[in-house]
Amino acid sequence: MDDLLAADAAAFGRAAHDDLDAARAALARFKALPPETGALELLSALDQIGRAGDRSAGLSSLFFQAHPDPAMREAAGAISREQSAFSTELSLDSDVHARLAALSADALPDDDARRLLEHALRDFRRAGVQLPHEPRERVRELRAELVQLGQTFGSTIAGDVRSIQLDSADELNGLPDDYRAAHAPDADGTIRISTDPPDFIPFLKYATHRARRIELQRVAASRATPDNLPVLDRLLAARHELAGLLGFDSWAAYVTEDKMIRTEQAAGEFVARVSALAAPRAEAEAAEMLACLREQYGSDAEMRDGDRLYLQERLRASKYGFDTRDARPYLGFNAVLGGVFDVITQLYGVEVLERPEIVCWHADVRAFDLVEEGSPVARFFLDMHSRPDKYKHAAMFHLTTDGLPRAALVCNLPRPDGDDPGLLDPSQVKTLFHEFGHLLHHLFAGGQRWHAFAGIATEWDFVEVPSQLFEEWGRSPDVLPRFARHHASGEPMPAELIARMNRAESCGRGLDVRLQMLYASYSLECFRRDPASFDTGALMAELKPQFSPCPVEDGTAFQASFGHLDGYSALYYTYMWSLTLAKDCAAAFGDDLLDPAPARAWRQRVLSQGGRRDADDLLHDFLGRAPDLTAFGAWLDG
Ligand SMILES: [Zn+2]
């Protein structure tokens, strides 16, 4: 598939259509199998249908989000819709279902094959294959509409970068020198600060000009308004109707059924439990922040969303003597990336080798192989820096699982340029390790006997465990000095600075956890209530006071740019759910994070299993017991 990495829209379109034709041909072969065909042969023929799309399905999603050519983004979006339509068609194919339903699990040779059959039948049921003709047609329509709605929702967010104008360089007070240098006034003396993360986040953290911070935060929370509000309403209504047709009370009930959490009630209880665990700490932090705010801005100031990151930084400095800017000179982009590679080699015994001859979709993108015992075992692509019309967050895109597993990381990290090493914040280091956690999961889980189990084919609410676990290596005092070296002096990051940084990192943790629970609760409530019964803005006004000390800002509609409402729908809780599990697993690595023994067990017992077993069983296998909240509770109190 590497020849498609730099293809133009027409060539990519042809290849993707060839793959769709191959999938249709595989479906036809399945249906043509004679009645006496053995169970295993039938399952293999089923698995081939998914395999046929392996080459282009991931790429169309990547190109739709990150390709520089608008014609390609459009073509890739259209192809994604066709691929989705084919999946829907297959999931509602009653002939295929009938053939599988007639099989006996006892006729299958092993657990993998039995699980494959069980999951296939479950997925057919969840797709609605058992419905009479008319509702089944409606399911098909709704699924197609939802793909379109999701694309509109996402591309409206990606395309809507807003900005504020500063009147003078004084309004940049508090910001690091490299940021100030990169934001010189233009010809008419104004300075533009955009809502793109590299502009937005430092400004909210460091700018002392409070009114501008609040303004920038409000502008960011107004992105994709008003366009996305009716799109969101329709998205909620379509999912609710779909869930009803499939026999569920709500989309939240439907979408939790095949996850670790199992029910929307359990998801709600989890959100409530974590919120309660974090409440005492969050209250103390809010009081501390308010005092800090009033000391600087007057005794009648009240906390606003545009204050939170700034105050967090202030407290980090005053309470822990830590300033994020102290750490940045040690965190040049290339040094950190080299550190990630070093950790991968140390833990898993695989080398990372650049493949500069592989041409990709943009000149920024670099290709690498994971090499084990002299042979490439996986390939990945790094698209690390911002550009217009590119996906605005950080994400892993899985590309292939057959042959050499492939995946791409798309991030918006500072770009090294000449003398500028592209200095990262500790939070950006965390992001990079996080995404590499996803990447390794996908790459190590490739190449399975069954395509359906290859890659990150696990329960969705387990997906953020490997990523959040890998973050531990990006802040460990044993690991950081290996790569965090001062860009000018070459000195490794001092142990004392690392200790201060990690103590300071815990600052605001209670409020952060509660904010995450606000998003989780919002995402759950959006999809568990009847959409005819509420307004998405009023829902935020109802929920926010339960979780956050800050009011909803007038004129904002955060939900319009809350992209997870499409991709994750009711499942935003999964980040915190996964974090509780990641903390449990991190504790099992013991004191020496660079010890390859637990890492190899993690790879073998969890990552490389892909979707072969339930995540609960994988965790039990790795931990030697059922997971619990002990380590998470200790982290929350730490
Ligand atoms: Zn993630």
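The values are calculated or read from the model by the stated rules, or taken from the named source; none is laboratory data. Every value quoted in this text rests on a predicted model; they were computed, and no experiment measured them. All Cβ positions, glycine included, derive from the backbone under ideal geometry; neighbour counts span all protein chains shown.
For this structure, a couple of remarks:
- Selection within segment 61-100: residues that are in contact with a strand residue (DSSP E or B) (Cβ under 8 Å, 6 or more places away or on another chain) and buried (at least 21 other Cβ atoms within 10 Å of the Cβ). The member of this set that is nearest to residue 29 (Cα to Cα) is 62.
- Within segment 520-530, one or more residues are surrounded by fewer than 19 Cβ atoms within 10 Å (Cβ to Cβ), at pLDDT 95 or above, more than 21 Å from the chain's Cα centre (by Cα) and on the phi < 0 side of the Ramachandran plot.
- Being of a type in the set (Asp, Glu) and farther than 20 Å from residue 304 by Cβ is a condition met by at least one residue of segment 499-522.
- Flag for residue 414 being at negative phi, part of a loop (DSSP other than H, G, I, E, B), surrounded by 22 or more Cβ atoms within 10 Å (Cβ to Cβ) and more than 16 Å from the ligand (Cβ to nearest atom): yes
- Subset of segment 570-623 that is within 16 Å of the ligand (Cβ to nearest atom) and more than 15 Å from residue 466 (Cβ to Cβ) - its residue that is surrounded by the most Cβ atoms within 10 Å (Cβ to Cβ): 573
- Residue check for residue 336: within 16 Å of the ligand (Cβ to nearest atom) and either assigned to a helix (DSSP H, G or I) or out of contact with any strand residue (DSSP E or B) (no Cβ under 6 Å at 6 or more places or on another chain) (or both): no
- Looking across segment 149-172, the residues that are outside any loop (DSSP other than H, G, I, E, B), out of contact with any strand residue (DSSP E or B) (no Cβ under 6 Å at 6 or more places or on another chain) and crowded, with 16+ Cβ neighbours inside 10 Å come down to 149, 150, 151, 152, 153, 154, 155, 156, 157, 158, 171, 172.
- Residue that is farthest from the ligand (Cβ to nearest atom) [pool: residues in segment 417-456 that are of a type in the set (Phe, Trp, Tyr) and touching a helix residue (DSSP H, G or I) at 6+ places or on another chain (Cβ under 6 Å)]: 450
- Which listed residue, of 28, 71, 85, 75, is part of a helix (DSSP H, G or I) and within 25 Å of residue 449 (Cα to Cα): 28
- Single residue of 612, 605 found to be closer than 26 Å to residue 478 by Cβ and basic (Lys, Arg): 605
- Residue tally, condition outside any loop (DSSP other than H, G, I, E, B) and in contact (Cβ under 8 Å) with a residue 40 or more places away in the chain, over segment 31-47: 7
- The listed residue being at pLDDT 95 or above, within 16 Å of the ligand (Cβ to nearest atom) and surrounded by fewer than 21 Cβ atoms within 10 Å (Cβ to Cβ), out of 496, 472, 491, 542: 472
- Residue match in segment 549-559 (condition: assigned to a helix (DSSP H, G or I) and either within 16 Å of the ligand (Cβ to nearest atom) or not assigned by TED's automatic domain parsing to the domain that holds residue 430 (or both)): yes
- Residue check, residue 300 at negative phi, of a type in the set (D, E, K, R) and not in a helix (DSSP H, G or I): yes
- Restricting 223, 262 to those that are under 24 Å from the mean Cα position of the chain (by Cα), within 14 Å of residue 574 (Cα to Cα), at pLDDT 95 or above and not in a helix (DSSP H, G or I) reduces the list to 262.
- Hey, residue 102 small (Gly, Ala, Ser), outside the structural domain of residue 449 (by TED's automatic domain parsing) and without any contact (Cβ under 8 Å) to a residue 12 or more places away in the chain or not: yes
- Tabulated pairs, segment 179-196, first in a strand (DSSP E or B), second of a type in the set (Val, Ile, Thr) and surrounded by 14 or more Cβ atoms within 10 Å (Cβ to Cβ), C-beta under 6 angstrom, 6+ apart or interchain: 193/164; 194/161
- Candidates in segment 173-192 are the residues that are surrounded by fewer than 18 Cβ atoms within 10 Å (Cβ to Cβ) and among the aliphatic types (A, V, I, L, M); of these, the one that is farthest from residue 387 (Cα to Cα) is 187.
- Residue match in segment 108-118 (condition: of a type outside the set (A, V, I, L, M, F, W, C) and at pLDDT below 95): yes
- Residue 439 being farther than 27 Å from residue 490 by Cα, in contact with a strand residue (DSSP E or B) (Cβ under 9 Å, 6 or more places away or on another chain), surrounded by fewer than 23 Cβ atoms within 10 Å (Cβ to Cβ) and without any contact (Cβ under 8 Å) to a residue 60 or more places away in the chain: no
- Among the conditions (1) surrounded by fewer than 23 Cβ atoms within 10 Å (Cβ to Cβ); (2) away from the ligand (no atom under 16 Å from the Cβ); (3) at pLDDT 95 or above, the only one that residue 459 does not satisfy is (2).
- Residue tally, condition assigned to a helix (DSSP H, G or I) and at pLDDT 95 or above, over segment 560-573: 9
- Among the candidates 269, 295, 283, residue that is charged (D, E, K, R), within 25 Å of the chain's Cα centre (by Cα), assigned to a helix (DSSP H, G or I) and over 24 Å from residue 493 (Cα atoms): 269
- Options 417, 383; residue that is more than 21 Å from the chain's Cα centre (by Cα) and charged (D, E, K, R): 417
- Criterion: over 26 Å from residue 594 (Cα atoms) and of a type in the set (D, E, K, R) - qualifying residue of 389, 342, 369, 425: 389
- Only one entry of 396, 384 meets the criterion of being touching a Cys at 6+ places or on another chain (Cβ under 6 Å), at pLDDT 95 or above and of a type in the set (A, V, I, L, M, F, W, C), and that entry is 384.
- Answer from 259, 205 - the residue that is over 20 Å from residue 566 (Cα atoms), crowded, with 16+ Cβ neighbours inside 10 Å, basic (Lys, Arg) and in contact with a helix residue (DSSP H, G or I) (Cβ under 8 Å, 6 or more places away or on another chain): 205
- In segment 386-406, the residues that are within 13 Å of the ligand (Cβ to nearest atom) and among the aliphatic types (A, V, I, L, M): 394, 395, 396
- Test result for residue 58, buried (at least 20 other Cβ atoms within 10 Å of the Cβ), in a helix (DSSP H, G or I) and in contact with a strand residue (DSSP E or B) (Cβ under 6 Å, 6 or more places away or on another chain): yes
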